[in-house]
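Chemist: Please see the structure below; I have some questions.
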Amino acid sequence: MSAHLAARAARRRRALGWLRGAAVVAVSLFFALPLVWMFAAAFKTNVQVTDPTVGLIFSPTLENLRNVLDDGEIITSMRNSLIVGVVSTALSALLAVPAAWAVGRFTMHRTGSVVLIARIVPAVSLLVPWYYLFAQAGLVGSYTVLILSHMFVSVPLILWIMIGFFEGLPVELEEAARTDGLSAFGAFWRIALPLAAPGTATASLLAFVSSWNNFMFALIFADEDTRTAPVTLFNFISYASTDWGGLMAAASLMTVPVVIAALIGQKYLVAGLTAGATKG
């Protein structure tokens, strides 16, 4: 009887395993389908893109990629996006990570509420006063205004994520370091910060992706020399028509750096998300 029950339980586990695997594959295909369609459309003509009868089997063309690369505008705008994204993320992490440690360690709940409010406030409501102030300072059209505006999103994002990570770290480790003669900042620098490295990498990667995809700030504050990639994509859409092939080719090129960043930081990203999920 026990052998029969064990075999029955094993069959149930195998069935559940197959069911979970099928569910994972189905969800993965559902979310990957738009990306697959985008990459495929980059090698189609405009007629093929708008023809619903043309699926993933077609005669590919490199004309879209050739036109986009020969124009050079998408490469320049991607360089601008990279500069703004890297600098704004680095400066945001430099400010937000120590602040998150202070909020998490000294239970500044009111400060955490202010950060949450900053995350909730729609950035579009600030565009008019920002534009007036930045125009008066002569910053409109520069990298500086783009970096500062992106930090408005990145700093609260990193701060809010990192508060939870620092609250989840054992305070006894820092107390032991303080007993051995380290200052509060020394305990943060030598103990808390290395332990929170997965969380910092996760928050920084999310902030970089947010900056890379930001369209509104660059549309208002950038000029032709500092225009970022999302604004350049918008140029493929005109009043009369849309260059779908060129748009998909440029969007595919724009996706590549984010995918590379995710692959490079995959280990830290998974560890950071897992740590955040199991906190408490």
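Chemist: In nm, to one decimal, how far is the modelled label at Ala176 from the one at Phe58, with both set 7 Å along Cα→Cβ?
Modeler: Output for this residue pair reads 6.1 nm.
Chemist: Testing the spin-label approximation: label points 7 Å from Cα along Cα→Cβ at Ala102 and Val25. State their distance in nm.
Modeler: 5.3
Chemist: Given a 10 angstrom Cα cut-off, can you work out which residue in Val84, Val124, Val103 is the most mobile in a GNM of the chain?
Modeler: Comparing Val84, Val124, Val103 in the GNM, the peak value goes to Val124.
Chemist: Where does the longest stretch of the chain lie that holds no chymotrypsin sites (Phe, Trp or Tyr not before Pro) found in a DSSP loop with 16 or fewer other Cβ atoms within 10 Å?
Modeler: Counting at most 16 other Cβ atoms within 10 Å as exposed, the longest clean stretch of the chain is 107-214.
Chemist: Highest GNM mean-square fluctuation, the chain, Cα pairs closer than 10 Å: which of Asp243, Asp70, Asp180?
Modeler: Judging by the Gaussian network model, the answer is Asp180.
Chemist: Just to be sure I understand: with springs between alpha-carbon atoms less than 10 Å apart, which residue in Leu35, Leu173, Leu247 has the highest mean-square fluctuation in the Gaussian network model of the chain?
Modeler: Leu173
Chemist: Just to check I understand the Karplus step: with θ = phi - 60° and J = 6.51 cos²θ - 1.76 cosθ + 1.60, what whole-Hz values come out for the stretch 214-226, glycine and proline as x?
Modeler: 5, 10, 5, 5, 5, 4, 8, 9, 8, 10, 5, 7, 10
Chemist: If I model a spin label at Val114 and Glu73 as a point 7 Å from the Cα along the Cα→Cβ vector, what separation in nanometres do I get?
Modeler: Distance between the two pseudo-spin positions: 4.3 nm.
Chemist: Moving to a separate point now. Determine ³J(HN,Hα), in whole Hz, for all residues of the stretch 48-53 in sequence, where each value follows from phi through the Karplus function 6.51 cos²θ - 1.76 cosθ + 1.60 and θ = phi - 60°; x replaces Gly and Pro.
Modeler: 5, 5, 8, 8, x, 7
Chemist: What is the ratio of the Cα radius of gyration of the chain to 2.2 N^0.38 Å, where N is its residue count, to two decimals?
Modeler: The reported ratio for this selection is 1.29.
Chemist: Given 0.36 nm per residue, what is the gain on full extension from Arg11 to Leu133 after removing their alpha carbon distance, in nm?
Modeler: 37.1 nm
Chemist: In whole Hz and in residue order, list the ³J(HN,Hα) couplings for the stretch 119-124 that follow from phi through the Karplus curve 6.51 cos²θ - 1.76 cosθ + 1.60, θ = phi - 60°; x for Gly and Pro.
Modeler: Values per residue, Gly and Pro as x: 6, 7, 4, x, 5, 5 Hz.
FYI, it's all coordinate maths here, none of it is from the lab. Note that the coordinates shown come from a computational prediction; the quantities given were computed from them, not determined experimentally. In this analysis, Cβ positions are derived from the backbone assuming ideal geometry, glycine residues included, and neighbour counts consider all displayed protein chains.
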